[in-house]
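Only one structure is covered here, and it is reproduced in the block below.
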Amino acid sequence: MSNSISADIVRVAKLMYEKEMVNALEGNVSVKDGDKIYITPTSVCKGYLEEDMITVIDMNGDVIEGTYKPTSELKLHLACYKLRPDITSVVHSHSPYSTAYAIANKPITTKAYPEMIIAFDQIPVIAYGTPSTDEVYAELYKVIDKTDVFLISRHGIVSVGKNLHDAFFKIEAAESIAKTLTIAKILGGEAPLSESQIDTLYEMRKKNFGRDKM
């Protein structure tokens, strides 16, 4: 087993726990290396993970290395990799503010937060599916080619990336944005930008990330 990949997963998982993006029972992280997927185990607090707890599965979800049972959300991870062959990492958390949007079945969107518009445009929400079943990713195909971060209704948030840190930074940024927008609502709501200002931000989004509006 690659110690460097396992070590990186443990490091990020512990960061998620320390930043309160997951509680003791939640969240999962994976990294794809060729035809192997290194993934966090089920029922282990992310703050107490050790390298030898990381399980390696193949693209069918069968365990090929390790003694721990992989996360119950492995089907979600496999679906992401199969639909987006350009990615090598998936991070799923129940970050409180992002998950609040998911529970409310509302996308994270704004007309007043420039960085949010440039980086994400919006963070969509796909339909609820029973956790750990095929239902949980049934609508994944609707958004996965348009965004690297999405909500699962009444469940949580998922990000994909070109590497583990890319995926983690996106999900961390999304949580910060969700928190800020929630506070703005408490203060009376957004002060929206003009349409021309928003159009300029979309031009920046296209230039920086090669993506149009969702």
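Taking region 178-214, which residues are closer than 23 Å to A102 by Cβ, out of contact with any strand residue (DSSP E or B) (no Cβ under 8 Å at 6 or more places or on another chain) and not in a loop (DSSP other than H, G, I, E, B)?
Correct list: K179, T180, T182, I183, A184, K185, I186.
In the set I117, I57, I123, I87, which member is more than 24 Å from E20 (Cα to Cα), buried (at least 16 other Cβ atoms within 10 Å of the Cβ) and in contact with a Pro (Cβ under 7 Å, 6 or more places away or on another chain)?
I57
For every residue, the table says whether it meets (1) under 28 Å from S30 (Cα atoms); (2) at pLDDT 95 or above; (3) of a type in the set (K, R).
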{"position": "G156", "(1), (2), (3)": "yes, yes, no"}
{"position": "L164", "(1), (2), (3)": "yes, yes, no"}
{"position": "S176", "(1), (2), (3)": "yes, yes, no"}
{"position": "R205", "(1), (2), (3)": "yes, yes, yes"}
{"position": "G210", "(1), (2), (3)": "yes, no, no"}
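Looking at D35, D52, can you tell me which residue is within 20 Å of G161 (Cβ to Cβ) and of a type in the set (D, E)?
When all the criteria are applied, what remains is D35.
For (1) surrounded by 15 or more Cβ atoms within 10 Å (Cβ to Cβ); (2) among the acidic types (D, E), each residue gets a yes or a no:
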{"position": "L151", "(1), (2)": "yes, no"}
{"position": "N163", "(1), (2)": "no, no"}
{"position": "L181", "(1), (2)": "yes, no"}
{"position": "I186", "(1), (2)": "no, no"}
{"position": "G189", "(1), (2)": "no, no"}
{"position": "E195", "(1), (2)": "no, yes"}
{"position": "D199", "(1), (2)": "no, yes"}
{"position": "E203", "(1), (2)": "no, yes"}
{"position": "N208", "(1), (2)": "no, no"}
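How many residues, within region 1-30, are under 15 Å from I54 (Cβ atoms) and in contact with a strand residue (DSSP E or B) (Cβ under 8 Å, 6 or more places away or on another chain)?
Final tally of qualifying residues: 13.
Could you tell me which of the residues T99, T67, T88 is among the hydroxyl-bearing types (S, T, Y) and without any contact (Cβ under 8 Å) to a residue 40 or more places away in the chain?
Exactly one residue qualifies, and that residue is T67.
The values are calculated or read from the model by the stated rules, or taken from the named source; none is laboratory data. Just so it is clear, the structure is predicted and the values come from calculations on it, not from any experiment. Here Cβ is always computed from backbone atoms with ideal geometry, including for glycine, and neighbour counts include all displayed protein chains.
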